[in-house]
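Note sheet for the following structure.
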Amino acid sequence: MFPSSLGKVALSWFHKLAPRSIRGWRQLAEEFTARFLTSRRAPKTFESLSTMKQAESEPIRDYAKKYWETFNEIESCSEEYAIATFKTGLPVRGKLRRSLNMHLVATLAKLMERIEQHARMEDDILREDGRIIAEQTKASVKKVDKPEPKTYRERKEYG
């Protein structure tokens, strides 16, 4: 049954064991642990949160998503610590950080509410910027579609 519970890499290791090299379950467990312990995913720590920073062009939603995924992997992290580390990971001159400094939040629910407000505002700005860029692109395409005639013949054909 043991081999059927293994993944591709571990199964390959198991099949490559020399015949009669394992004398019992205890030795197999020790060999397996020694070989694959480094493959184990390290648990997240408080330091994981304190080192997180929002990248310059990263949307608030993306940063918040990464932050909450990390936060949820840490056992018994206080709300106060989570709020403080989220805020310090934001750009110093960012609107959300400024808002959090001016109007403190006491709970994660309030923090998430504030994040959502700023994310909606950011979405609206990005949509508006996209609309302006699309309009500029259309205007430049129209100019490219009909170049100015250079010769008399071209002007006559152009009308």
List, please: which pairs have Cβ atoms under 7 Å, are six or more places apart or on different chains, and start with a residue in region 79-92 that is over 12 Å from residue 52 (Cα atoms) and end with one that is hydroxyl-bearing (Ser, Thr, Tyr)? 79/107
Here the qualifying pairs (Cβ atoms under 8 Å; residues six or more apart or on different chains; first in region 48-74 and in contact (Cβ under 8 Å) with a residue 60 or more places away in the chain; second of a type in the set (A, V, I, L, M, F, W, C) and surrounded by fewer than 17 Cβ atoms within 10 Å (Cβ to Cβ)) come out as 59/126
Any chance region 38-45 includes a residue that's open to solvent by less than 100 Å² (accessible area, probe 1.4 Å), at pLDDT 85 or above and out of contact with any Gly (no Cβ under 6 Å at 6 or more places or on another chain)? no
Open to solvent by 80 Å² or more (accessible area, probe 1.4 Å) and at pLDDT 95 or above: which single residue out of 98, 23, 61, 93 fits that description? 98
Number of the condition not met by residue 47 [criteria: (1) more than 18 Å from the chain's Cα centre (by Cα); (2) over 19 Å from residue 123 (Cα atoms)]: (1)
So which pairs qualify, if the first residue must be in region 108-124 and free of Cβ contacts under 8 Å to residues at least 40 places away in the same chain and closer than 14 Å to residue 71 by Cβ, the second must be open to solvent by 40 Å² or more (accessible area, probe 1.4 Å) and part of a helix (DSSP H, G or I), the Cβ gap must be under 7 Å, and the two must be at least 6 apart or on different chains? 108/79
Could you look through region 10-20, keep only residues that are aliphatic (A, V, I, L, M) and farther than 15 Å from residue 33 by Cβ, and pick out the one that is modelled with the highest pLDDT? 18
Is there any pair with a first residue in region 6-19 that is part of a helix (DSSP H, G or I) and a second that is open to solvent by less than 60 Å² (accessible area, probe 1.4 Å) whose Cβ atoms are under 7 Å apart and which are 6 or more apart or on different chains, and what are they? 10/36; 11/3; 14/3; 14/6
Can you spot a residue in region 122-144 that is aliphatic (A, V, I, L, M), open to solvent by 100 Å² or more (accessible area, probe 1.4 Å) and modelled with pLDDT of 90 or more? no
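The values are calculated or read from the model by the stated rules, or taken from the named source; none is laboratory data. As the structure is a computational prediction, the values presented were derived from the model and not from experiment. A quick note on method: Cβ atoms are made from the backbone with ideal geometry, for glycine too, and the neighbour counts reach across all protein chains shown. The accessibility values were calculated without ligands, DNA or RNA, using every heavy atom of the protein model including side chains. Shrake-Rupley method; radii C 1.70, N 1.55, O 1.52, S 1.80 Å.
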